[in-house]
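Enquirer: My questions will all concern the structure given below.
What follows draws every value from the coordinates through simple rules; no lab data is involved. For clarity, every value in this text was computed on a predicted model and none was experimentally measured. Here Cβ is always computed from backbone atoms with ideal geometry, including for glycine, and neighbour counts include all displayed protein chains.
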Amino acid sequence: MGRGKNQHVVKYPEGWAVKGAGNSRAKKVTRTQAEAIQVAENIARNQQSDTKIHGENGRIRAGNSYGNDSCPPRDKK
């Protein structure tokens, strides 16, 4: 199975939206950012892609990788 599109959580007039990278339409619109993050993480896990969480100003403030990470963590705990 190939990797899917990265899932972006962005501010939307009705709340927060989850959009696939490059898509103009939202997959899901929620009232809170936390709900949208949960939806985006589930989609990203299923598609082995990444999440990109945008703040209210539109800038990416966080993200996570759920696929084959080209730069895995190096810490050895």
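Enquirer: Of the residues in segment 49-69, how many are loosely packed, with under 12 Cβ neighbours inside 10 Å and of a type outside the set (D, E, K, R)?
Expert: Final tally of qualifying residues: 4.
Enquirer: Looking at segment 10-51, which of its residues are without any contact (Cβ under 8 Å) to a residue 12 or more places away in the chain, under 16 Å from ALA62 (Cβ atoms) and not aliphatic (A, V, I, L, M)?
Expert: Listed by number, the list holds a single entry, GLN38.
Enquirer: Which residues, counting only those in segment 1-48, are under 13 Å from TYR66 (Cα atoms) and surrounded by 16 or more Cβ atoms within 10 Å (Cβ to Cβ)?
Expert: Within segment 1-48, GLY4, LYS5, ASN6, GLN7, ALA40, GLU41, ILE43, ALA44, GLN47 meet the criteria.
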